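Written out below as structure tokens is the structure these notes cover.
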Amino acid sequence: MVLETSLSNLPESSAMATVAYQSSRPQVPDWLNKGDNAWQMTAATLVGIQSMPGLVILYASIVKKKWAVNSAFMALYAFAAALICWVLVCYRMAFGDKLLPFWGKGAPALGQKYLTERAKIPESSRRGEDGKSEVTEPFYPMATLVYFQFTFAAITLILLAGSVLGRMNIKAWMAFVPLWLIFSYTVGAFSLWGGGFLYQWGVIDFSGGYVIHLASGIAGLTAAYWVGPRLKSDRERFPPNNVLLMLAGAGLLWMGWSGFNGGAPYAAQVDASVAILNTNVAAATSLLVWTCLDVIFFGKPSVIGAIQGMMTGLACITPGAGLVQSWAAIIMGMLSGSIPWVSMMILHKKSSLLQQVDDTLGVFHTHAVAGLLGGLLTGLFAEPELCKLILPKPTRGAFYGGNGGVQLLKQMAAACFVIAWNLVSTTIILLAIRIFIPLRMPEEQLMIGDDAVHGEEAYALWGDGEKYDPRKHGLHLQSSAYAEDIAPSPYINGARGVTINL
């Protein structure tokens, strides 16, 4: 090699640096692209940060104070449990060899040989424009792809949790997480990304509008129905306990979305840059539209409303982030800031069905409605030249004529499958769990909250070891309009502190 023969002519420091890039070294095989590998691991870390600590902080702060610990723990547990299930069996159910048209063969993704070989999605073969079959083979090891895809699975479960905060039995949630990952998430992932029947049919889901957002929204609404509502007092008054921390969690979620959509092409290439720009453009537009609607109809802007607008914009652009032009991303942001707003603020109040289901954080509106909207708009605005950058077959949205109308119909059909599967699978899983574990917390725990469920509270406002004295700690709080019912906890030896809404 020219590189090897020229090393002797280089200064020692330069020669040592250059040696690191020789493909003959065992840790740098010929197929490895260090730039792609570095970006993919960075993207995976960004998506992981969206969950840990992004959604952990967001959930802990957006709920009523008495549910802060429980909400954060549900997210924390889901992240950890999902990782173990993913490497034991779920990754290859979603991205391995085909078992059924919508499901892969489950197997561990733990072996050294498997993880160090070149990444490959074996069922992703699809005949390209030149008549040749192409299989997705990124230029980095399988370990990178396994972890990257895990972060998507984990965040889907955590988003789903937003529908059942404030009343789901934590033991039921611990059973639900692995079962839903195995029997629901892997089906959508294989069908649309892993080479399943929707992938082969040509349905577009760039980075998870259907696999993640539509699935989590529908499954969350279904779970909320079967678990049952929060206490009447919690439904009527559920203020966030820390608005500033809520903004911090939302900021981590937004910034992490650059890895979410930017990592979808599996390479540090042109389409990744387009996806990142479109992601932020759509999110900003949606946030502004939602805020303007709040001002017009309610007379003042809302921080929670702005976060919801940000979320709907991110969910909407996800299925087409790298496939639409930036002017289309603005349109998608305008629609995602208005249509979910209407569904949440107007249609929800007029629908007797939606009124009966207590979706704590409105995940149905912010993710299912926005994800479905994004998938359909991708079928409308997918730009042919951008599609060529990443899709093996000529594809165009209905806006660009030709066979684009067919693409829009495919997007509709795929949405129907995702909705039906998540509705049925989530129902079966929860009914099975209910045989052994109550889905809803006992009334006593619902009244008290974190202290009863975990023996811990989010905020302790006096010193360690100091015992509760109502004459000292409770008197000045009882006159406050913001004070909650104060009583010694029967669940711990000695009180940890009087807690109030901050």
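The values are calculated or read from the model by the stated rules, or taken from the named source; none is laboratory data. As the structure is a computational prediction, the values presented were derived from the model and not from experiment. Positions of Cβ are backbone-derived with ideal geometry, glycine not excepted, and every protein chain shown enters the neighbour counts. The accessibility values were calculated without ligands, DNA or RNA, using every heavy atom of the protein model including side chains. Shrake-Rupley method; radii C 1.70, N 1.55, O 1.52, S 1.80 Å.
Descriptive notes on the structure:
- Hey, TRP327 under 18 Å from ASP271 (Cα atoms) and among the aromatic types (Phe, Trp, Tyr) or not: yes
- Members of region 317-357 that are within 30 Å of LYS393 (Cα to Cα), out of contact with any Phe, Trp or Tyr (no Cβ under 9 Å at 6 or more places or on another chain) and among the hydroxyl-bearing types (Ser, Thr, Tyr): SER326
- Residue that is touching a Lys or Arg at 6+ places or on another chain (Cβ under 7 Å), buried (at least 24 other Cβ atoms within 10 Å of the Cβ) and more than 26 Å from LEU76 (Cα to Cα), where the choices are ALA414, ALA382: ALA382
- Qualifying positions in region 236-247 - closer than 21 Å to ILE57 by Cα and of a type outside the set (S, T, N, Q): ARG237, PHE238, PRO239, PRO240, VAL243, LEU244, LEU245, MET246, LEU247
- Members of region 312-343 found to be under 15 Å from the mean Cα position of the chain (by Cα) and of a type in the set (Ser, Thr, Tyr), listed by number: THR312, THR318
- Options GLY188, GLY194: the member that is open to solvent by 10 Å² or more (accessible area, probe 1.4 Å), of a type outside the set (Val, Ile, Thr) and within 23 Å of ILE84 (Cα to Cα): GLY188
- Test: residue in region 128-137 that is surrounded by fewer than 16 Cβ atoms within 10 Å (Cβ to Cβ), closer than 26 Å to MET412 by Cα and in contact with an Asp or Glu (Cβ under 8 Å, 6 or more places away or on another chain): yes
- Region 252-275, residues that are in a helix (DSSP H, G or I) and either without any contact (Cβ under 8 Å) to a residue 60 or more places away in the chain or open to solvent by less than 10 Å² (accessible area, probe 1.4 Å) (or both): LEU253, GLY256, TRP257, GLY259, PHE260, ASN261, GLY262, ASP271, ALA272, SER273, ALA275
- Residues of region 395-414 satisfying the condition of being touching a helix residue (DSSP H, G or I) at 6+ places or on another chain (Cβ under 7 Å) and part of a loop (DSSP other than H, G, I, E, B): THR395, ARG396, GLY397
- Within region 164-185, tally of residues that are of a type outside the set (A, V, I, L, M), open to solvent by less than 10 Å² (accessible area, probe 1.4 Å) and closer than 20 Å to GLY208 by Cα: 3
- Residue in region 292-325 that is surrounded by the fewest Cβ atoms within 10 Å (Cβ to Cβ), counting only those that are of a type in the set (Ser, Thr, Tyr) and at pLDDT 95 or above: THR318
- Just one of the listed residues (VAL289, VAL295) is without any contact (Cβ under 8 Å) to a residue 12 or more places away in the chain and either touching a Phe, Trp or Tyr at 6+ places or on another chain (Cβ under 8 Å) or assigned to a helix (DSSP H, G or I) (or both), and it is VAL295.
- Residue tally, condition free of Cβ contacts under 8 Å to residues at least 24 places away in the same chain and open to solvent by less than 10 Å² (accessible area, probe 1.4 Å), over region 326-347: 0
- Breaking point among (1) open to solvent by 10 Å² or more (accessible area, probe 1.4 Å); (2) over 22 Å from THR378 (Cβ atoms), for GLN200: (2)
- Residues located in region 54-110, provided they are in contact (Cβ under 8 Å) with a residue 40 or more places away in the chain, open to solvent by 50 Å² or more (accessible area, probe 1.4 Å) and part of a strand (DSSP E or B): LYS98
- Looking only at region 248-265, residues that are among the aliphatic types (A, V, I, L, M) and over 21 Å from ILE57 (Cα atoms) come to 1 in all.
- Residue in region 186-200 that is on the phi > 0 side of the Ramachandran plot and of a type outside the set (Asp, Glu) present: yes
- Failed item, numbered, when MET41 is tested on (1) in a helix (DSSP H, G or I); (2) in contact with a strand residue (DSSP E or B) (Cβ under 9 Å, 6 or more places away or on another chain); (3) open to solvent by 20 Å² or more (accessible area, probe 1.4 Å): (2)
- Residue in region 367-412 that is farthest from LEU277 (Cα to Cα), counting only those that are modelled with pLDDT of 95 or more and of a type in the set (Val, Ile, Thr): VAL369
- Residue match in region 235-246 (condition: within 18 Å of the chain's Cα centre (by Cα), in a helix (DSSP H, G or I) and either under 30 Å from TRP31 (Cα atoms) or small (Gly, Ala, Ser) (or both)): no
- Selection of region 348-375 for residues being more than 17 Å from ILE419 (Cβ to Cβ) and open to solvent by 30 Å² or more (accessible area, probe 1.4 Å) yields HIS348, LYS349, LYS350, SER352, GLN355, GLN356, LEU361.
- LEU430 meets the conditions (1) outside any helix (DSSP H, G or I); (2) within 30 Å of ARG237 (Cβ to Cβ) in every case but one. The failed one is (1).
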